[in-house]
Amino acid sequence: MRKPNLSNIKQAKVLEPAKDLATLEAELAEQEDELEDTVLRLSDYLSAVEMVIKQTFDHRVWVKAEIRNLSSKGGHYYFELAEKDDDGKVVASCRGNLWRFKAARVLAKFERATGMPLERDLTVLLKVSAGFHAQYGFSITVEDIDPSYTLGDLARQYAEMVDRLTGEGLLHLNQQLPAPFDIEHVLVIAPEKAAGLGDFQADADRLAGTGACHFHYHNATFQGNHAPAEIRQAIVNAQQQFYDTYQRLPDLLVIIRGGGAVGDLAYLNDYELAALVAEQPVPVWVGIGHERDKVILDEVAHTSFDTPSKVIAAIHSHLAQLVTQTLHYQAQIKQAAQRQLNTAEQQTARQLSQIQSQTIGQLTALRKDSDYAWRSIQQSAQRQVKQAVRLTAERYTQTQTLARQQLTKAATNSRSHQESIMQNAQQQIVQAQRDSEHLRDIVLLHRPSRVLKQGYAMLTDAKNNQTLTSSTQLSPEQTVNIILKDGNAKAQIIDINMDKKATEISDMPIQSYNNI
């Protein structure tokens, strides 16, 4: 469509609102060629749209839609309705209104039939009529809601959930775990301050008071759209906290909820929650407060009970049965032990009698043997004593002879060693006298007075009288004393030239310096 010629807006004909659609269509048909240059007011244009919608959709129809959002104000209910494709993408959406003069009757009928309130995320079948307002746009007015359709949709979703869990091997996964032999630690997931939890806890406290079982409680909301996520988080946190504390898994996980509205059960029909329960590494016992209807948790749990009280009763029964079996086994063990003791006593009496008979005979034989052995030992001892006396005398004579020989040899070696030491000492004394005389001559040759007479001079620092022996001790403008054989003189250092080779030689170790 071409842009209207706004320059001729004053001359352009402005259409007045028509009384009905037929009149408007007739006027538009007559002026079809002039419409391109005709400017309509927005209210006129929308009034025409409203008229078309009223006349075309002026009847009530049943529409299937999902409630994306629901709010209430002043008794009126406002919907956001949508339709999604198989991929969950929204393909259509609009607003809806349920006015208060019909809301109480429609909602009461829905809750009585379904047992649950009308909330978001439900798929419903609505009887609606279309409406359009020039200021608020398009919306539909809800006249009635068919609760049977919602019940059927919930049943369909439940069946699809069961099929999916079955196909993924999760439906009976937790049921394949063996029942706990001893229930010592139990994780309990329940709504906070719920009546069912109170009944459970009253019996559980009495059981825990005996020390037979310990209960660890974690709370979560069991109704509302956020209930499945809270329960899942409570299960994960409970398992993690228990493992961090005890470094092992609990014996049992219990999920309980007391009685309440039937519609509240729908919140527990969540696939993610069911899958998490099915994949728990320990048996899960479920006690939801209902008797007729099942939730998906009953399907995937290891064991399902009608009420929380029946869960704690089952735990008590299991422990009582375990105690009974233990006492039975204890009695059997005691009887078996008594039989074995009686048999052992009889065998011991027989063996004692046999041992006594054998012992008397053995003692008689041993007495004869010991007398013979004693006489043999005495004779042998006498012979060994005589032989030892003879050997001792011979070894004493040998020892004396060897000792004299070693003393003679030691005296000879001592005199020889003493003469050798005396000779070495005399030689070292003579050598020491020679070395001492040589060192004396060297000292006399290098005494300062003799060195100065030979034309050498000695330098000292003028400030501290330190003897200067190296150019590294000199610095420009330094004042030094020059000591000669017949007097002293002062001088100032002007320039310093170092002999690097001489410096290197002076820094070398004495052994290296002597080798140069």
Give the ranking of TYR136, TYR149, TYR329 by solvent-accessible surface, highest area first, calculated with a 1.4 Å probe. TYR136, TYR329, TYR149
Which whole-Hz couplings ³J(HN,Hα) result when phi for each residue of segment 177-191 is put into the Karplus expression 6.51 cos²θ - 1.76 cosθ + 1.60, θ = phi - 60°, listed in order with x for Gly and Pro? 6, x, 4, x, 6, 10, 9, 9, 10, 10, 8, 10, 10, 7, x
Burial-style ranking of 100-107, 469-476, average other-beta-carbon count within 10 Å with highest first, yields 100-107, 469-476
Apply the Karplus curve 6.51 cos²θ - 1.76 cosθ + 1.60, θ = phi - 60°, to the phi angles in segment 249-254 and return the couplings in whole Hz, x for Gly and Pro. 8, x, 7, 7, 10, 10
Give me P(r) over segment 286-351, computed from all C-alpha to C-alpha distances, binned every 10 Å, as integer percentages. 18, 24, 17, 14, 12, 9, 5, 1
Restricting to the chain, compute how many DSSP beta bridges are antiparallel as a %, nearest 5. 70 percent
By accessible area of protein heavy atoms, probe 1.4 Å, what ranking do CYS213, CYS94 get, highest first? CYS94, CYS213
What shape does segment 187-267 have by the C-alpha gyration tensor, where a ≥ b ≥ c are the square roots of the eigenvalues, rounded means a/c under 1.5, and otherwise prolate means a/b greater than b/c and oblate the rest? oblate
For the chain, what is the charge dipole size about the Cα centre, in debye to the nearest 20, if Lys and Arg each add +1 at the Cβ and Asp and Glu each add -1 at the Cβ? 5260 debye
Rounded to whole Hz, the Karplus (6.51, -1.76, 1.60) HN-Hα couplings of segment 314-331, x for glycine and proline: 5, 4, 4, 5, 4, 5, 5, 5, 5, 5, 4, 4, 5, 5, 4, 5, 5, 5
Among the Cα-Cα pairs of segment 360-400, the proportion with separation greater than 15 Å, in percent, is 60 percent
Could you run the Debye sum over the Cα atoms of segment 99-165, one equal point scatterer each and no solvent, and tell me log10 of I(q)/I(0) at q = 0.18, 0.27 Å⁻¹, two decimals? -0.76, -1.19
One computes Rg over Rh for segment 344-417 from alpha-carbon atoms, with the Kirkwood Rh, and obtains 1.63
Inter-part distance where segment 438-503 and segment 152-229 are each reduced to a Cα centre, Å: 106 Å
Near the amide H of GLY287, under 5 Å away, which other amide H atoms are found, from residues 5 or more places off or on another chain, if H is placed in the peptide plane? ILE255, ILE256, ARG257, PHE305
Counting all Cα-Cα pairs in the chain, those more than 45 Å apart amount in percent to 65 percent
Students often get this wrong, so check it: of LYS193/LYS310; LYS453/LYS490; LYS64/LYS89; LYS89/LYS109; LYS73/LYS102, which have C-alpha atoms separated by over 25 Å? LYS89/LYS109
If you take the square roots of the eigenvalues of the alpha-carbon gyration tensor of segment 148-200 and sort them as a ≥ b ≥ c, do you get rounded (a/c under 1.5), prolate (a/b over b/c) or oblate? oblate
As a test question: what accessible area, to the nearest 10 Å², does VAL39 have when a 1.4 Å probe is rolled over all protein chains in place? 40 Å²
Computed Rg/Rh of segment 33-191, alpha carbon atoms with Kirkwood Rh: 1.20
At a 1.4 Å probe radius, which order do LYS490, LYS193 fall into by accessible area, largest first? LYS193, LYS490
Using only helices, what value at 222 nm comes out for the chain when you add -39,500 (n - 2.57) per DSSP H run of length 4 or more and divide by the total residues, to the nearest 500 deg cm²/dmol? -18000 deg cm²/dmol
Got a sec? Charge dipole of segment 53-101, +1 on Cβ for Lys and Arg, -1 for Asp and Glu; which of SER72, VAL90, ILE53 is way out at the positive end? SER72
Taking all pairs of distinct Cα atoms, average 1/r, flip it, and tell me the Kirkwood hydrodynamic radius of segment 246-378 in Å to one decimal place. 21.4 Å
TRP62: accessible area at probe 1.4 Å, nearest 10 Å²? 120 Å²
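The values are calculated or read from the model by the stated rules, or taken from the named source; none is laboratory data. Quantities reported herein were computed from a predicted structural model and do not represent experimental measurements. Note that we place each Cβ from the backbone using ideal geometry, even for glycine, and neighbour counts take in every protein chain shown. Accessible surface areas use protein heavy atoms only, side chains included; no ligands, DNA or RNA. Shrake-Rupley method; radii C 1.70, N 1.55, O 1.52, S 1.80 Å.
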